[in-house]
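To start, the structure itself, in structure tokens.
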Amino acid sequence: QVQLVESGGGLVQAGGSLRLSCAASGSIFNTNPMGWYRQAPGKQRELVAGITSGGTTTYADLVKGRFTISRDNAKNTIYLQMNNLKPEDTAVYYCTVLVRAIIHWGQGTQVTVSS
């Protein structure tokens, strides 16, 4: 069973920082790519950042240089460190894991950036 538990969202002023966390069950975490998506009101869901089981990372152009995805193997947790946040980063952020070509989603955590 796939289990993803997210935390860390909230309200922050523009220029501020937040760190999102996503805890996953051990077997999934160790062998499958994981990532973060986001969905703003009225917009399609989009990939923010991804990380493979080997630690290779990828980022959307809009967040390069501001966001960092990382993993803690001991805690079966991935993180998304978000710096220099902008109002356009406001969205629900979802943790994901790719298992046999199927994306599984967490419940989402709201990030709101005020101007």
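Which whole-angstrom value gives the distance between the alpha carbon centres of region 91-109 and region 1-29? Cα centroid of region 91-109 versus Cα centroid of region 1-29: 11 Å apart.
Less than 13 Å Cβ to Cβ from residue 18, Lys/Arg counted +1 and Asp/Glu -1: what total charge do the surrounding residues give?
+2
Shown here for region 62-115: trypsin sites (Lys or Arg not before Pro) in loop regions (DSSP other than H, G, I, E, B) with at most 13 other Cβ atoms within 10 Å, namely 64, 100. With contacts taken as Cα pairs under 8 Å and at least 6 residues apart, the chain reaches a relative contact order of 35 percent. In a simple Cβ point-charge model (Lys, Arg +1; Asp, Glu -1; nothing else charged), the chain has a dipole of about 60 debye relative to its Cα centre. Sorted from greatest to least, the principal axis extents spanned by the alpha carbons of region 33-115 come out as 37, 24, 22 Å. When shorter helices are ignored and each DSSP H run of at least 4 residues is given -39500 (n - 2.57), the per-residue value for the chain at 222 nm works out to -1000 deg cm²/dmol.
Every number in this text was worked out from the coordinates using simple rules, so none of it is lab data. All figures in this text were calculated on a predicted structure; none of them were measured in a lab. For neighbour counting, all protein chains shown are included, and Cβ atoms are generated from backbone atoms with ideal geometry for every residue, glycine included.
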